[in-house]
Amino acid sequence: MKRRRLHRWVFAAAGVYNIAWGLWAAVDPQWLFRVAEMPPAVHPQIFTAMGMVIGLYGVLYLEVARRPEQGWLIAAVGLAGKVLGPIGLAGLIATGKWPLATVVMCATNDFVWWVPFGLYLLDAWPYYRATWGEQQE
């Protein structure tokens, strides 16, 4: 696979980052609200649950790092979340429900991963396509 070493490093880093972020959200579900100078969340359990999901994505990213030739679908779903999350946040900001300062969450969780995940998807596509084609026969 083209740039295999780079992709393994990126997904290992993404895995560790997501697991750490998920744990932090469980330990301190009010951090974003403090950073963005918002009132505390009434139901911080929702942020904790989001952290759990993000942490579980981290486990999946570690699997992509372990076997990059077989991680295309996981990475595609991950990148979709990293695009859809900021779109949802943009809606909250546009309607005035959340302040612009909350973009800090997307800066580290989403934007920094767009290029490396996209590059991986391009490089891994032939492997996914070959495997998917074999299963269709």
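Does segment 25-35 contain any residue that is charged (D, E, K, R) and touching a His at 6+ places or on another chain (Cβ under 8 Å)?
Narrowing segment 25-35 to residues charged (D, E, K, R): 28, 34.
Add one more test, that the residue is touching a His at 6+ places or on another chain (Cβ under 8 Å), and what stays is none.
Scanning segment 25-35, I find no residue that is charged (D, E, K, R) and touching a His at 6+ places or on another chain (Cβ under 8 Å), so the answer is no.
Every residue, every condition in (1) surrounded by 14 or more Cβ atoms within 10 Å (Cβ to Cβ); (2) in contact with a helix residue (DSSP H, G or I) (Cβ under 7 Å, 6 or more places away or on another chain), yes or no:
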site: 14; (1), (2): yes, yes
site: 28; (1), (2): yes, no
site: 40; (1), (2): no, yes
site: 44; (1), (2): yes, no
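When the residues of segment 1-28 are filtered to those that are modelled with pLDDT of 95 or more and not in a helix (DSSP H, G or I), which remaining residue is farthest from residue 97 (Cα to Cα)? The selected residue is 3.
From 125, 114, 98, 132, which residue is of a type in the set (Phe, Trp, Tyr) and not in a helix (DSSP H, G or I)?
Numbers: 125 fails: not in a helix (DSSP H, G or I); 114 fails: not in a helix (DSSP H, G or I); 132 fails: not in a helix (DSSP H, G or I).
Criteria check complete, one pass: 98.
For residue 87, the criteria (1) without any contact (Cβ under 8 Å) to a residue 40 or more places away in the chain; (2) in contact with a Phe, Trp or Tyr (Cβ under 7 Å, 6 or more places away or on another chain) hold in every case but one, which is (2).
Could you tell me how many of the residues in segment 63-78 are hydrophobic (A, V, I, L, M, F, W, C) and over 12 Å from the mean Cα position of the chain (by Cα)?
Residues in segment 63-78 being hydrophobic (A, V, I, L, M, F, W, C) and over 12 Å from the mean Cα position of the chain (by Cα): 4 in total.
The values are calculated or read from the model by the stated rules, or taken from the named source; none is laboratory data. This structure is a prediction, so every number in the text was calculated from the model and none was measured. Reconstructed Cβ throughout: ideal geometry from the backbone, glycine too, with neighbour counts over all protein chains shown.
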